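J.: Dropping a structure here in structure tokens format, bear with me for questions.
Read-outs throughout are calculated quantities, based only on the coordinates presented, and are distinct from any laboratory measurement. What you are looking at is a predicted structure, and each value in this text was computed from that prediction instead of being measured. Heads up, the Cβs are rebuilt from the backbone with ideal geometry, glycines too, and the neighbour counts pull from every protein chain shown.
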Amino acid sequence: MRVPAATILLIVTAFCGVPGPSFGGGFEKPPGGYSFAYGEQKFVPLRLPLSAKAARTWISLRETLVTPPPDATPFKDVLRFIRESTRGKDGKGEPLGVYLDAVTMQEAELTMETPVAAPFLLGQSKVPLHTYLKFFLKPLGLTHSVHDGLVVIDSPCDDCPEPVEISAEYAWAWLLLHEEIPLHFPKGTTLGDALQTIQRATVGKRPGGRGLAIYLDPNGLRAAEKSPASPATFEIDRAPLCTSLGLLLKTEGLVFAVGDDGLVTVTDNNGLNEFKDEAEVVESYELLRFDIFWQMEQSDREDERRRASKVQEPCSRGGGKD
């Protein structure tokens, strides 16, 4: 479905009626949950809201174009090149935070002087930094992930899921949603007016001047018995936009979700089913895990009762020792 450029783009991830601004790394904890099926434990990845630091890091990785260093460049010089690549042409930008510990280097049999082969890229003189990192690290038996404002280089984990991939548009949307913008919608303000005000407040805060793109899902509005003309009274002076927007929509029985294309969609809880991802799987597995743990706990209690009953049986029958 085509959405006019002037249309406000607005979306919320499942579990995010009022998104928290502090998910670190992109995530404060591993993005996912553990499923328990047929006695096996499996990690299920889950896309979560990005912190502002993680969003900036992903934007740097996706939008910084680099020319790979020459073949046989020492490992230490490649790391320096990666850190400095985000400073920009004027050299005034922030260097990329990169973490690599000695244990990882030892496991990969690397030293700072190890010559690194240049990736073989036909027809491309420049590639996104994220792409270069993947091609540069894979032959060394290493991988990278984003933890808040830090790129962590590590050995791949056989039992872990693939690292979560974040698009530049998704990261930009969340970075704008972390802007602190006072919202004052007095009596008489409509939901459509409120969302247009939010969209206009984010214009000019990213290269090219684009702001948030917000889409009002008509089916979601209809299910919540709302429309762009519905009244929306709301006052908040200082809070991240993701929080204030979530609170505003919550009073209307609505939520928002951010898609990989950066589109912010306003809908109801049922409307989030159109944005199905691992979130629904994790939720069902969480319920399954709770049910299994509850059954195990009940079984353990029953076993304890039986053992206690057997111990007390002789006494209760008068068969105890004098």
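J.: Only residues that are assigned to a helix (DSSP H, G or I) and crowded, with 16+ Cβ neighbours inside 10 Å: list them for segment 219-247, please.
T.: Filtering segment 219-247 for residues assigned to a helix (DSSP H, G or I) gives 219-223, 241-247.
Of everything in segment 219-247, those that are assigned to a helix (DSSP H, G or I) and crowded, with 16+ Cβ neighbours inside 10 Å turn out to be G220, L221, A223, L241, C242, T243, S244, L245, G246.
J.: Same structure, new question: I'd like the full set of residues that are on the phi < 0 side of the Ramachandran plot and of a type in the set (D, E, K, R), limited to segment 199-244.
T.: Those that are on the phi < 0 side of the Ramachandran plot and of a type in the set (D, E, K, R): R200, K205, R206, R210, D217, R222, K226, E235, D237, R238.
J.: Hey, another quick one. What number of residues within segment 197-212 satisfy the criterion of being assigned to a loop (DSSP other than H, G, I, E, B), under 24 Å from the mean Cα position of the chain (by Cα) and not hydrophobic (A, V, I, L, M, F, W, C)?
T.: So the count comes out to 5.
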